[in-house]
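Accompanying notes for the structure given below.
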Amino acid sequence: MDQLQISGGFPLLSLLIFLPLAGGLVLLFVRGEQFARLWALGVTTLTALITVPLLVGFDPSTARYQFAELYAWIPRFNIQYVVGVDGISILLVALTTFIMPFCVLASWQYIQHRVTPFMFCLLIMETSMVGVFVALDFVLFYIFWEFMLIPMYLLIAVWGGPRRAYASIKFFLYTLAGSVLLLVALIALYLKTGSFFIPDMMWQEYSLTFQVLVFLAFFLAFAIKVPMFPFHTWLPAAHVEAPTAGSVILASVLLKMGTYGLVRFCLPITPDATMLLAVPILWLSIAGIIYGGFTALAQQDMKKLIAYSSVGHMGFVTLGIFVLNTRGLEGAMLQMINHGVTTGALFLCVGMIYERTHSRELALATGVGRYMPWYVTFLTFFSLSSFAFPGTNSFIGEFLVLAGAFEFDPVVALAAIPGAVLAAAYMLRMLQKIVWGGTANPDQSHLFDLSKREIVVLAPFLLFVFWIGLGPQPFVDLMHVSVTNLLDQLHTWQEGHRVALALWR
């Protein structure tokens, strides 16, 4: 427990976790669609505001888990309620809480039936997502991880598009398959250590065979969630059929739960297996980058285009993680936040044009620039960010990832570069069609530009696009010590186990 910096004051993390849950329970007893909207907006906004003292009070000079809370839960099995944040998790917590009020606002007019249950699902989702990023007991982590499945399934199955049944079941089955493997790894580690406290499982002298088996269980569970190629096939269907808020949550937060798991569990719990299997995973990441780029280039549906772009973008994240150096891992962590901001904003933009044209097809959204100048202005900046244009947030993250890849192996870095070119191709193609189109554009004169509510929704995303793009240092500083500490321990471990790894190979 030395890794914990116990909070002696207000239980801030517990409030962040359970405030949305409490807000959701209120909606079970109070009826009224407008009340549900206002209540969900108030609860999610308050949760976001509570994150501010968390960020202000966080000490970036230590790798310990801060604001920690520790309570006995099920002593017979050594299960505890223990939560805390470090430099690896704090930005993901902030991303989650800051995204949710905009998901509520984006659903203000989009969701017209069963509004109260919809807002209830959003609030329950927030509890589960924050819980995943702060849980330090494996059972607690697993409960939050599984808890997320039901509200996300309902968001797609009840409020989704025409093929919502297919998409929701596919999402549920894929994620559940990964969860079973995660449960197997959890039990195996408990039998070895006698503890569910996650830091107690790290840097232990497990046999290499055991590590490889546990790593594969971890990797498959988290790779499905990312999703990495070739485990990605549930994602386009889920994104296309989900309502706008569901797509934003999927892109901005849920995918990051997979990459967070790779960093939190694979590297420190199975370090030998990580180093042994890093190169195959790097090439799998590159395959995802190239595949996602080419597939996105072929899409005519805007949601599918952005969904397949996520496969490529998350490939850069896993590439940065498994080059196992500071630049790469910091770039990967920063790119998690960047992808959440940029792709979340792009899905919001798609939702706004869908509300006007009732279609996501590029052919029916061509030439709207003449009638929706505010809309295409926001869309242009988010598109530039998506393909890492200099000065935007994604450029910094992608630059660090590629710098780390060059440090690891120039061949790996060079193989990933076509992905950046493909990103520019498919985003500029989409942008050209929507802003200008061609000589046979449909009549768009009936379209109206963004409302004040929609501008309020998109403006904060644009702020972070340029804040991170032009001044990323505060964000990097928050994670630097935790990332450096993790990699220092990994490389120290590597030196001590080099012979064993060579013999196993």
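At-a-glance table
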item: Count of the stretch 300-311 residues which are touching a Leu at 6+ places or on another chain (Cβ under 7 Å) and surrounded by fewer than 22 Cβ atoms within 10 Å (Cβ to Cβ); result: 1
item: Subset of the stretch 141-172 [more than 22 Å from Val226 (Cβ to Cβ) and either in contact (Cβ under 8 Å) with a residue 60 or more places away in the chain or crowded, with 18+ Cβ neighbours inside 10 Å (or both)]; result: Leu154, Ala157, Trp159, Gly161, Pro162, Arg163, Arg164
item: Residue that is surrounded by the most Cβ atoms within 10 Å (Cβ to Cβ) [pool: residues in the stretch 419-468 that are touching a Leu at 6+ places or on another chain (Cβ under 8 Å) and among the basic types (Lys, Arg)]; result: Lys433
item: Residues of the stretch 65-88 classified as outside any strand (DSSP E or B) and under 21 Å from the mean Cα position of the chain (by Cα), total; result: 3
item: Flag if Gly293 is assigned to a helix (DSSP H, G or I), modelled with pLDDT of 90 or more, touching a Cys at 6+ places or on another chain (Cβ under 9 Å) and crowded, with 21+ Cβ neighbours inside 10 Å; result: no
item: Qualifying residue in the stretch 320-327 (condition: in contact with a helix residue (DSSP H, G or I) (Cβ under 7 Å, 6 or more places away or on another chain), under 30 Å from Lys452 (Cα atoms), in a helix (DSSP H, G or I) and not aliphatic (A, V, I, L, M)); result: no
item: Criterion: without any contact (Cβ under 8 Å) to a residue 12 or more places away in the chain and either charged (D, E, K, R) or at negative phi (or both) - qualifying residue of Thr377, Thr342, Thr366; result: Thr377
item: Single match in Leu41, Leu55, Leu91, Leu19 (criterion: surrounded by fewer than 18 Cβ atoms within 10 Å (Cβ to Cβ), among the aliphatic types (A, V, I, L, M) and either outside any loop (DSSP other than H, G, I, E, B) or in contact with a Cys (Cβ under 8 Å, 6 or more places away or on another chain) (or both)); result: Leu55
item: Any hit, the stretch 69-76, residues being of a type in the set (Lys, Arg) and closer than 28 Å to Ser195 by Cβ; result: yes
item: Listing of helices (runs of 4 or more DSSP H) fully contained in the stretch 96-183 that carry 2 or more residues being hydrophobic (A, V, I, L, M, F, W, C) and touching a strand residue (DSSP E or B) at 6+ places or on another chain (Cβ under 6 Å); result: 138-147
item: Criterion (farther than 21 Å from Phe381 by Cα, of a type outside the set (Gly, Ala, Ser), in a helix (DSSP H, G or I) and modelled with pLDDT of 90 or more) met by exactly one of Val341, Val317; result: Val317
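The values are calculated or read from the model by the stated rules, or taken from the named source; none is laboratory data. The structure displayed is predicted, hence computed values, not measured ones. Note: ideal-geometry Cβ built from the backbone for every residue, glycine included; neighbour counts use all protein chains shown.
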